[in-house]
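The values are calculated or read from the model by the stated rules, or taken from the named source; none is laboratory data. This is a predicted model, so every value here is computed, not measured. Positions of Cβ are generated from backbone atoms using ideal geometry, with glycine treated the same way; all protein chains shown enter the neighbour counts. Heads up: the accessible areas ignore ligands, DNA and RNA and are worked out on the full protein's heavy atoms, side chains in. Shrake-Rupley method; radii C 1.70, N 1.55, O 1.52, S 1.80 Å.
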Amino acid sequence: MVLAKDEKSILGFAAMVLSLIFVNNMSISHDQLVLYVRKLGPPDCVFPAGEARDMSVAGSATDVQLESAAHTAIAYLARHSYLDKISLHSANGRQGFGETQATQQTADAEGESGVEYTWGPQAKVKFEMMDMARFIAAVSGQECTPDFIKAVGRACGQNISATGAVE
């Protein structure tokens, strides 16, 4: 299968974001995710057509632009089912029980503190756990040994065998 440049960019960006969730016990707070996405710098293809992103020169982006870009990129990944958005609190402030993106489509910026993200359906289809362990090894410059796989498995809360099976 030949992927277009934008598809490669999106998959690479999604893999980086999903790897962060993976090593954080398969869940990450909204605030943490925004911080990481700001540092990663989302690819241009996640922005709506016609929406200029004036950050092409390194260091030229303001904090407001970086924050906005991060929110746009996270919304893109959620909209395309790479991420599931989970509300930790219901409207009356009590602990929510897995209220997902499907049941809570919108949340204003102030309400994002009670939100976490997990892998969405698209992520689960496109990225297997062993593949993600290999990806993390490659990105971090580590050899993907059985000990490395065990360590990554502990970080994601799963016992991944060297064959890729979840035990």
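At-a-glance table
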{"item": "Matching option when the condition is modelled with pLDDT of 90 or more, more than 14 Å from the chain's Cα centre (by Cα) and acidic (Asp, Glu), among Glu143, Glu167", "result": "Glu143"}
{"item": "Qualifying residue in segment 153-162 (condition: of a type in the set (Gly, Ala, Ser), open to solvent by 30 Å² or more (accessible area, probe 1.4 Å) and at pLDDT 80 or above)", "result": "yes"}
{"item": "Number of positions in segment 93-114 that are crowded, with 16+ Cβ neighbours inside 10 Å and either out of contact with any Lys or Arg (no Cβ under 6 Å at 6 or more places or on another chain) or modelled with pLDDT of 95 or more (or both)", "result": "5"}
